[in-house]
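*Asks:* The structure that follows is given in the form of structure tokens.
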Amino acid sequence: MTMETNGKNQLDRDTLQLVLEEFTVEQKTTNQNIGELIIAIDNLGKKLDGFNEQQASKSEVPVSIDIAPVKSALEKGFLDIKYMIGREPKSITRKLQILLFPEQDAKLFYRIVFGRWFLLPVAAFALNLAYSWGIDYTQSKKEVEIQQLENDRIRNSWDYMYRNNDKAIKIIMNKAYNFSVKGKDK
């Protein structure tokens, strides 16, 4: 029993020693990390102090602004406004005219008249022609399709009659075909 107790105590001591060694290794790394953090904080504090000193030195410089040009511009503007107010306002009259011949600047007048008013009817006429052409084209295309369908139906019925009848009817059909070909040649 003492042997068992001694072996158990030895095992407990070894386990306890391993746990303590692991704990001390972890404690060393934690202490090292804390030391690095302290150094980083000290560096940041020094940088902050340097920045504060720079700001203090910059704010000590007096700022002088020359407002004389701004003041003179404002005074000139106020004088202009006073002058405008001092003048008697003129009444505005609107005049509606339809001119056949210009009072002045005939070149500009006719450029406007023929450039705008003449161009609008020409454009409307061109659009009307394009629309009419489009309608005629679609109508003629539709008529051609209808005629083509009619011709196909006649040809199919001719082929059906030719295939499904005896020799006498085929001779009559050939004569009719040849007669229609001769009639087209004339």
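The values are calculated or read from the model by the stated rules, or taken from the named source; none is laboratory data. All values derive from a computational prediction rather than experimental measurement. Ligands, DNA and RNA are stripped out before the accessible areas are found, and what is left, the full protein with its side chains, is counted by its heavy atoms. Shrake-Rupley method; radii C 1.70, N 1.55, O 1.52, S 1.80 Å.
Here's the yes/no breakdown for (1) of a type in the set (Val, Ile, Thr); (2) open to solvent by 100 Å² or more (accessible area, probe 1.4 Å):
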{"position": "Ile85", "(1), (2)": "yes, yes"}
{"position": "Pro102", "(1), (2)": "no, no"}
{"position": "Phe114", "(1), (2)": "no, yes"}
{"position": "Trp117", "(1), (2)": "no, yes"}
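*Asks:* Going through Asp166, Asp136 one at a time, which residue ends up being acidic (Asp, Glu), under 44 Å from the mean Cα position of the chain (by Cα) and open to solvent by 70 Å² or more (accessible area, probe 1.4 Å)?
*Replies:* On the way: Asp166 fails: under 44 Å from the mean Cα position of the chain (by Cα).
On inspection, the qualifying residue turns out to be Asp136.
*Asks:* Residues Asn156, Asn178: which one is over 60 Å from the mean Cα position of the chain (by Cα) and modelled with pLDDT of 85 or more? Give the derivation first.
*Replies:* Numbers: Asn156 fails: over 60 Å from the mean Cα position of the chain (by Cα).
Asn178 is the lone residue from the list that is over 60 Å from the mean Cα position of the chain (by Cα) and modelled with pLDDT of 85 or more.
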